[in-house]
Amino acid sequence: MALELFDSKSQELRAFHPLTPGLVKMYVCGPTVQSAPHLGHLRSALVYDVLNRWLNALEYEVTLVRNVTDIDDKVLVNAGTRDWREFAKEVEATFNDAYANLNITDPTHAPRATEHIDDMIALVEKLIKLGHAYQASDGSANVFFDTASWPNYGELTNQKLENMEGELDASFGRKSPNDFALFKAHKPEEPATAAWKTPWGLARPGWHIECSAMSKHFLGESFDIHGGGLDLRFPHHENELAQSRAAGDNFANFWLHNALVTINGNKMSKSLGNGVSVEDLTKAGSWGAIRYWLLSAQYRSNLDYSESSIRDAQVALDRITGFLKRTTNTKHVEIDYQYLPAEFAKAMDSDLNVPGALAVIHERVRAGNTAFDSNDQEALKLCVEQVKNMVHVLGLTFAYQEPRISEELTNQVNDLIQERNAAKKAKDFARADQIRLELEQMGVTLKDMKDITMWSFNG
Ligand SMILES: [Zn+2]
């Protein structure tokens, strides 16, 4: 079976084949850096991290772009009296800290919108030339996308323009309330640093044009996967698609949308006062447990947070950690994907069924514990390798990273075990017992198996 992904544009599962064999180009909408990350941001970043890891396991070379929207109405408002650029960088750092703590692999590129204004201007100039965008009739530097000029407008979310109400204000020189801003004219009350020289006057970019311009800059006119949260599907992604297609670009071959995080069954929102902060999560469990919990629902299902969520995830993760701790006596070595069980691969290939993949890990942990208890060394070795490799694919490497055992200690322990085995062979049981005691004092527990002595460190 090959990888199948649910394409939310065609609303069906499709076999995934990259446009260029062996290479996958993926664009994911990153955060608007207006305030600290919430659960929805973390979940979205994590979904595409797992997809990235699975594509790597399938031996694709992946180019992943995750942008940073660092200019926006809310960035300017929330910066207050401070320099908005400094404020945006600070908020961006809180996102990067959370990503790093969650063991999210860095994307290949993480471009900031403000670093690509020229790309956006070039794209808008092209749209104007092709008759799909226009400068505001009031003579300002506002530039709008002309939705009426693009018959496919609405194709992503399967809507017809004539049925759309158009939520936007028809003023500012807009022809239709459905037309969205590509560039926004500088307002005198906004800082001068938040305006760029454009062919239409001083202006700053609209949100949607950023992603069309940056994806083209890094991935070209067509790429394999566009990802983001379900809340971005309309209007953000619909507008991205319209602009890029109207400019003659093929844009994304697959659209992936991850579902949202709910709190006790309710939609998360600040106004309801049910927002859960990163601090709330870390009080309930480790970062490993938070990652485990965020992975515990398939990405197209809502993920519900309740008081016990992180605690339960910690218990499940500890079961895996406990197994690896009691059975592993070498430092972690290179991952070998040939050890991935077929059921695990099948779950991951089925539109990233991570809950199914986690179930395979726990099944292998149980089998490994049984093998350990019955001294079945061969079965145990296989289980350990399988669990380590699966854990690696899901980025749950927290399970074998703690505690760090130094190379010096590892060598010392291995030397003592060798000496003890030699003593046993020579029937010097007093010396063998003495060494066992010595190792116990070092925090090392031994387990004698048929041909080998396993050890674990509890320090
Ligand atoms: Zn976007």
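The values are calculated or read from the model by the stated rules, or taken from the named source; none is laboratory data. All values derive from a computational prediction rather than experimental measurement. When we count neighbours, we look across all protein chains shown, and the Cβ atoms used for this are built from the backbone with ideal geometry, even at glycine.
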- Query: Looking only at segment 248-288, which residues are in contact with a helix residue (DSSP H, G or I) (Cβ under 9 Å, 6 or more places away or on another chain) and at pLDDT 95 or above?
  - Reply: GLY248, ASP249, ASN250, PHE251, ALA252, TRP255, LEU256, HIS257, ASN258, ALA259
- Query: Out of segment 367-385, which residues are surrounded by 21 or more Cβ atoms within 10 Å (Cβ to Cβ) and closer than 13 Å to ILE320 by Cα?
  - Reply: GLY368, CYS383, VAL384
- Query: Quick one: would you say ALA93 is away from the ligand (no atom under 15 Å from the Cβ), farther than 30 Å from VAL391 by Cβ and in a helix (DSSP H, G or I)?
  - Reply: no
- Would you check if there is a residue in segment 396-406 being touching a helix residue (DSSP H, G or I) at 6+ places or on another chain (Cβ under 7 Å), among the polar types (S, T, N, Q) and not assigned by TED's automatic domain parsing to the domain that holds ILE452? yes
- Task: Sort out which residues of segment 46-59 are buried (at least 20 other Cβ atoms within 10 Å of the Cβ) and in contact with a strand residue (DSSP E or B) (Cβ under 7 Å, 6 or more places away or on another chain), and write them in order of number.
- Result: VAL47, TYR48, ASN52, LEU55
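Restricting attention to segment 115-154, and to residues there that are among the charged types (D, E, K, R), modelled with pLDDT of 95 or more and out of contact with any helix residue (DSSP H, G or I) (no Cβ under 7 Å at 6 or more places or on another chain), which single residue is nearest to ASN239 (Cα to Cα)?
Among those residues, the one meeting the criterion is ASP146.
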- Task: Would you kindly identify the strands (runs of 3 or more DSSP E) lying entirely within segment 1-72 that contain at least 1 residues that are within 16 Å of the ligand (Cβ to nearest atom)?
- Result: 23-28, 61-66
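For segment 230-243, give me each residue that is under 17 Å from the mean Cα position of the chain (by Cα) and near the ligand (Cβ under 10 Å from one of its atoms). Spell out the reasoning first.
Residues of segment 230-243 under 17 Å from the mean Cα position of the chain (by Cα): 230-232.
The one that is under 17 Å from the mean Cα position of the chain (by Cα) and near the ligand (Cβ under 10 Å from one of its atoms): LEU232.
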- By my count, strands (runs of 3 or more DSSP E) wholly in segment 143-228 with at least 1 residues that are within 16 Å of the ligand (Cβ to nearest atom) are 143-145, 181-185, 201-205
- Task: Could you tell me whether any residue of segment 70-92 is crowded, with 20+ Cβ neighbours inside 10 Å, within 24 Å of TRP293 (Cα to Cα) and not β-branched (Val, Ile, Thr)?
- Result: no
